[in-house]
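Below is one structure, written out as structure tokens; comments come after it.
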Amino acid sequence: MAARADQRQKLERLRRYISRPTIAEQRLSLTPNGNVRYQLKTSYRDGTTYVIFEPLDFIARLVALVPRPRVNLIRFHASP
């Protein structure tokens, strides 16, 4: 998605998209035994509506989403 400086509405939409959190906190909770429960946005074909992780497994999956240091995820270029 590209936006010029004068396209304020497009820039705002891009800003909101970029600043979204990786996971929705309102769908995240702890079970009574300390596991992490994540409510799915849409259920799987088999009817599964949530997934449960052990805390270390959940952290490991989150860490896998974090980019390596000093690697730019967004590339900027000037259009001719």
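The values are calculated or read from the model by the stated rules, or taken from the named source; none is laboratory data. All figures in this text were calculated on a predicted structure; none of them were measured in a lab. Neighbour counts run over all protein chains shown; Cβ positions are idealised from the backbone, glycine included. Heavy atoms of the whole protein, side chains included, go into the accessibility calculation; ligands, DNA and RNA do not. Shrake-Rupley method; radii C 1.70, N 1.55, O 1.52, S 1.80 Å.
Taking one equal scatterer on every alpha-carbon of the chain, how large is log10 of I(q)/I(0) by Debye at q = 0.11, 0.23 1/Å?
-0.51, -1.14
Return the Cα extents of the stretch 2-46 along principal axes one, two and three, sorted largest first, each rounded to a whole Å.
52, 26, 12
Using the heavy atoms of the protein chains alone and a 1.4 angstrom probe, what is the accessible area of the chain per residue in square angstrom?
Per residue, the chain has an accessible area of 96 Å².
Positive end of the dipole of the chain, charges at C-beta (+1 Lys, Arg; -1 Asp, Glu), about the Cα centre: which of LEU28, LEU11, PHE58 has its Cα farthest in that direction?
After comparing all options, I get LEU11.
If we count every other residue with Cβ under 14 angstrom of GLU25's Cβ, Lys/Arg +1 and Asp/Glu -1, where does the sum land?
+4
Using only DSSP helix segments of four residues or longer, with each worth -39500 (n - 2.57), what per-residue ellipticity at 222 nm results for the chain after dividing by its residue count and rounding to 500?
That calculation yields -8500 deg cm²/dmol at 222 nm.
Tell me, what % of the accessible area of the chain is carbon and sulfur with a 1.4 angstrom probe?
Carbon with sulfur: 54 percent of the solvent-accessible area.
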